[in-house]
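As structure tokens, the structure follows; a few thoughts come after it.
The values are calculated or read from the model by the stated rules, or taken from the named source; none is laboratory data. Fair warning: this is a prediction, and the values are worked out from it, not measured in the lab. Here the Cβ positions follow ideal geometry from the backbone for every residue, glycine too, while neighbour counts run over all protein chains shown.
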Amino acid sequence: MNLLKKLLKPSNFPLNRHEPIGVLGTALFSRKICHETRENIQNLLKASPVVLFMKGTPEKPLCGFSGTAIHILNLSSINPAKLLTFNVLEDDRIRQGIKEYSNWPTIPQLYIDNEFIGGCDILVEIYRSGELKKLLDKAGVLLELGKE
């Protein structure tokens, strides 16, 4: 039984992050999203290298998971000018549409270079592993020491 518990620990499962769920979500679920909402989501994703769909704002997150996501991005030294946040509580179509677009049921949702990365739990995991810093560095969105 202990072996089973050990095997079922979430950290033992690989993240299928490299196959963007957003692409699968678009192919399988885009029919549920009206054309205008899908277009609005795609425009938001094109507007900045890093996009976080969250509840509230970075200054005032309205749920603990969104607060954690912002905290992790700040700890990762992201350049605030390269981060676009969208408060899904201000637009119910985007709030529901982003879940269908990514095929991911919860908010927050993080995208880097149009690629869906994941929600809060995945963000915590890739922050701890160092993978988040690598993704942000590759996207060219980290603060440059001495320039900010």
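Miscellaneous remarks
- Top-ranked residue of the stretch 24-41 - restricted to ones that are closer than 14 Å to ASN103 by Cα and modelled with pLDDT of 50 or more, ranked as surrounded by the most Cβ atoms within 10 Å (Cβ to Cβ): ILE41
- Entirely in the stretch 56-148, the strands (runs of 3 or more DSSP E) that have 3 or more residues that are touching a residue at least 40 places away in the same chain (Cβ under 8 Å) and crowded, with 18+ Cβ neighbours inside 10 Å: 109-112, 115-118
- Looking only at the stretch 73-125, residues that are in contact with a helix residue (DSSP H, G or I) (Cβ under 6 Å, 6 or more places away or on another chain) and hydroxyl-bearing (Ser, Thr, Tyr) come to 4 in all.
- Restricting the stretch 41-55 to residues that are touching a Phe, Trp or Tyr at 6+ places or on another chain (Cβ under 8 Å) and part of a helix (DSSP H, G or I), the residue that is farthest from LEU132 (Cα to Cα) is ILE41.
- ARG17 vs. criteria among the basic types (Lys, Arg) and at pLDDT below 95: yes
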